[in-house]
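So the structure is just underneath, and the comments pick up after that.
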Amino acid sequence: MGKIIKLEAKSRGTGKQIAKKLRREGLLPAIIYGGGRPEATPISISQKTLKDLMHYHGLIELSIDEGKDKRMAILKDIQYDYLGTNPVHVDFQEVKMDEPIETVAELEFVGEPKGVKEGGTLEILMREVDIKCLPGNIPEKIVVDISNLDIGDVLHVKDIPVPEGVEILNSPEETVVLVSEPEEEITTEEETTSEETTQESSEQ
């Protein structure tokens, strides 16, 4: 089983005034839903603990009201204010350890591509992939070795090493990383083509 973050939470009431009061106290309104329960449960968490959850897609053990209610969950959504800077609400999805779920996994690229050493430019088009697996199989990250990529090489989703028990849901042909030609060479080729075209026009 991968990493599990333990998080303290408190049950709460609902309504705008309660939400405002919680934020003044350094707490964030949140809900946890799913797990076969008929209704979502309103909770609150510390704003400080949210920092540990940023870009984290693994399991979270929610301890509600000092452990009176414990649930396994994943972070599903963070809502922000109109400026897009301050979080105002958090959604958790309760999971059952024996039922597959859909979530995302971060990609960690290791190694310096051969093509970059020769002057090429590394372009990363995807930094995470959609996956399906049992909650206990959620990878903390998927490591992708890109050291063998040469100029002009492309790494697709189908080339990603898939951890055991994990299914990647993205299209196999979707581009993840590529190494493009050096900009100077591209510019030189374009200038040469332009000069040849100009010369041909002047000779006609």
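The values are calculated or read from the model by the stated rules, or taken from the named source; none is laboratory data. Everything quoted here is computed from the prediction, not taken from an experiment. All Cβ positions, even for glycine, are placed from backbone atoms using ideal geometry, and neighbour counts span all protein chains on display.
When residues in the stretch 147-181 are screened for being in a loop (DSSP other than H, G, I, E, B) and more than 30 Å from ILE5 (Cα to Cα), 12 of them pass. If you go through the stretch 1-22, how many residues are touching a residue at least 12 places away in the same chain (Cβ under 8 Å) and not in a helix (DSSP H, G or I)? Count: 14. Only one entry in GLU174, GLU183, GLU128, GLU167 is on the phi < 0 side of the Ramachandran plot and touching a Lys or Arg at 6+ places or on another chain (Cβ under 7 Å), namely GLU167. Candidates are the residues of the stretch 85-126 that are closer than 30 Å to ARG71 by Cβ and of a type in the set (A, V, I, L, M); the one that is surrounded by the fewest Cβ atoms within 10 Å (Cβ to Cβ) is MET97. Of TYR82, TYR56, all but one fail to be out of contact with any strand residue (DSSP E or B) (no Cβ under 9 Å at 6 or more places or on another chain), modelled with pLDDT under 90 and of a type outside the set (Val, Ile, Thr); the exception is TYR82. In summary, strands (runs of 3 or more DSSP E) completely within the stretch 70-126 and bearing 2 or more residues that are in contact (Cβ under 8 Å) with a residue 40 or more places away in the chain and acidic (Asp, Glu) occur at 87-94, 101-110.
Scanning the stretch 1-39 for residues that are modelled with pLDDT under 85 and under 25 Å from VAL166 (Cα atoms) gives MET1, GLY2, LYS3.
Quick check on the stretch 128-182: of everything there that is basic (Lys, Arg) and under 27 Å from ASP52 (Cβ atoms), which residue is modelled with the lowest pLDDT? The selected residue is LYS141.
All of GLU173, GLU140 fail the test of being assigned by TED's automatic domain parsing to the domain that holds GLY115 and touching a Gly at 6+ places or on another chain (Cβ under 8 Å), apart from GLU140. If the condition is being outside any loop (DSSP other than H, G, I, E, B), surrounded by fewer than 17 Cβ atoms within 10 Å (Cβ to Cβ) and either in contact with a strand residue (DSSP E or B) (Cβ under 6 Å, 6 or more places away or on another chain) or of a type in the set (S, T, N, Q) (or both), then the stretch 127-136 contributes GLU128, ASP130, LYS132.
If you go through the stretch 15-31 one residue at a time, do you hit one that is within 27 Å of PRO139 (Cβ to Cβ), surrounded by fewer than 19 Cβ atoms within 10 Å (Cβ to Cβ) and not aliphatic (A, V, I, L, M)? No, every residue in the stretch 15-31 fails to be within 27 Å of PRO139 (Cβ to Cβ), surrounded by fewer than 19 Cβ atoms within 10 Å (Cβ to Cβ) and not aliphatic (A, V, I, L, M).
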